[in-house]
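Taking it in order: structure first as structure tokens, then the write-up.
The values are calculated or read from the model by the stated rules, or taken from the named source; none is laboratory data. This one's a predicted model, so the numbers in the text were calculated from it and none came from an experiment. Glycine also receives a Cβ, built like all others from the backbone with ideal geometry; neighbour counts cover every protein chain displayed. For accessibility, only protein heavy atoms count, side chains too; no ligands or nucleic acids. Shrake-Rupley method; radii C 1.70, N 1.55, O 1.52, S 1.80 Å.
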Amino acid sequence: MELRHLLYFKTVAEQLHFRNAALKLFISQPPLSRQIKELEDELGVLLFTRKNKRVNLTDAGKYFKTEVDAIFARLEESKSIVKQIHKSESGELKIGYISSVYQSHLADVLIAMREVFPHVKTNLFEMPTLMQIKALEQGSLDVGILRAPVHSNQLKVQTLFFDPFMVVIPASGLMFETQNELADYLKNSPFIFFSKDFAPHYNDKLIEICGRMGFNPEIVHEANNVHSILQLIEAGLGVSILPSSLRQQYSFLKVSFIELEKIPVNTEVVLAYKQSNKNAALQWFVEHYQEGK
């Protein structure tokens, strides 16, 4: 049994007409009939019934068609994966990341990756979590660095770390003896935060933390990236509650980070990608990005 026998059978089974199948295969009808007869003889079964110029699959033929369809589908998938692997050696890797990720680590990993994949071009896209999930599902991103939750059954999600929240205020030298003093200060301060439409999960976390401290935040300024929020805080336009990992990344700004005591609310930073993506550069990136976290 050769692959051509399966292809001829598949085509006749789809057309249920020997002449039409022969035309589609660009061969004449007699050789096609002989190939089908050879296949039936080898299997020891009838795959088709032929009556009054009508062709139908037998029960054995129907089962065999299901199996043959699966073989050709797997073959097409294998061809696609082979092309992906080939392209990964000299193609591109599209990486999404949230604005609040510590970019120094990302840069270190990309520098190391260039030694292993010198011909792979990396494209970086700063995107909020919801946009990254959609781009990953559609294939316009290979991997995303984002914050949970990731609601998608198409993506593999791996935890990087859990990031607690901290209060961020302008650098004024203010000191708070107790959590109640901090809560009173925040309750009477304007808040700067992400848009609810842009980062709904972040917004929920802010409301939860403030609720635990006994007040509802008055959000007077909204922004779509963390750098803008921190710049507005530095300018004295308000306060915020942000992930603690930002303290190292934005240490050059004149803002103060204050720990939240006894409020165990955090955010999970994750990697997400399609497990079916066999890009070798992607697999290397996932492994080595996790190593440093």
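When the inverse distances between all different Cα atoms of the stretch 1-47 are averaged and flipped, the Kirkwood radius reads 10.4 angstrom.
Straight Cα distances below 19 angstrom link K121 to the aspartates and glutamates E89, E92, D108, D142, E287, with same-chain residues fewer than 8 positions distant left out.
The order of L155, L23, L146 by accessible area, most exposed first and with a 1.4 Å probe, is L23, L155, L146. Accessible area per residue for the stretch 158-200, computed on protein heavy atoms with a 1.4 Å probe, is 52 Å². The alpha carbons of the chain give a radius of gyration and a Dmax of 29.7, 96 Å, in that order. Dipole size of the chain about its Cα centre, with +1 on Lys/Arg Cβ and -1 on Asp/Glu Cβ: approximately 1820 debye, rounded to the nearest 20. Compare the Cα positions of I229, A281, F252 along the charge dipole of the stretch 222-293 (+1 at Cβ of Lys, Arg; -1 at Cβ of Asp, Glu; about the Cα centre) and return the one farthest towards the positive end. Result: A281, furthest along the dipole toward the positive end. Treating each Cα of the stretch 129-206 as an identical point scatterer and summing with the Debye formula, the log10 of I(q)/I(0) at q = 0.25, 0.27 Å⁻¹ comes to -1.28, -1.39. How about the stretch 207-293: which chymotrypsin sites (Phe, Trp or Tyr not before Pro) there are in a DSSP loop, with at most 16 other Cβ atoms within 10 Å of their Cβ? When the chymotrypsin sites (Phe, Trp or Tyr not before Pro) of the stretch 207-293 are filtered for loop state and at most 16 Cβ neighbours within 10 Å, F215, F252 remain.
Ignoring lysines fewer than eight residues from K51 along the same chain, the ones with Cα atoms less than 30 angstrom from its Cα are K10, K24, K37, K62, K65. Largest accessible area first, the listed residues K187, K51, K83 line up as K51, K83, K187 when surface is computed with a 1.4 Å probe on the assembled protein chains.
Local charge sum around I263 (other residues, Cβ-Cβ under 13 Å, Lys/Arg +1, Asp/Glu -1)? So the surrounding residues net to 0. Be a star and scan the stretch 37-52 for residues whose amide nitrogen sits under 19 Å from the point 7 Å along the Cα-to-Cβ vector of S28. Flagged as within label range: 37-38. Which whole-number percentage describes the relative contact order of the chain, with Cα contacts under 8 Å and a sequence gap of 6 or more? After rounding, I find 22 percent. Amide H contacts of I241 (H built 1.01 Å from N, in plane; Pro and chain starts excluded): V168 sit under 5 Å, all sequence-distant by 5 or more or on other chains.
When the C-alpha to C-alpha distance is required to be over 27 Å, the pairs from K205/K262; K156/K262; K134/K205; K83/K134 that qualify are K156/K262. Residues whose amide H comes within less than 5 Å of that of A171, counting only those at least five positions distant or on another chain, are V255, S256 (H built at 1.01 Å from N in the peptide plane). Along the chain, counting only GluC sites (Glu not before Pro) with a DSSP assignment other than H, G, I, E or B and at most 15 other Cβ atoms inside a 10 Å radius, the longest segment between sites is 90-176. Using every pair of distinct Cα positions in the stretch 1-97, the Kirkwood expression returns a hydrodynamic radius of 15.3 angstrom.
Only helices enter this figure: runs of n ≥ 4 DSSP H residues, each worth -39500 (n - 2.57), summed and divided by the residues of the chain, yield -14500 deg cm²/dmol at 222 nm to the nearest 500.
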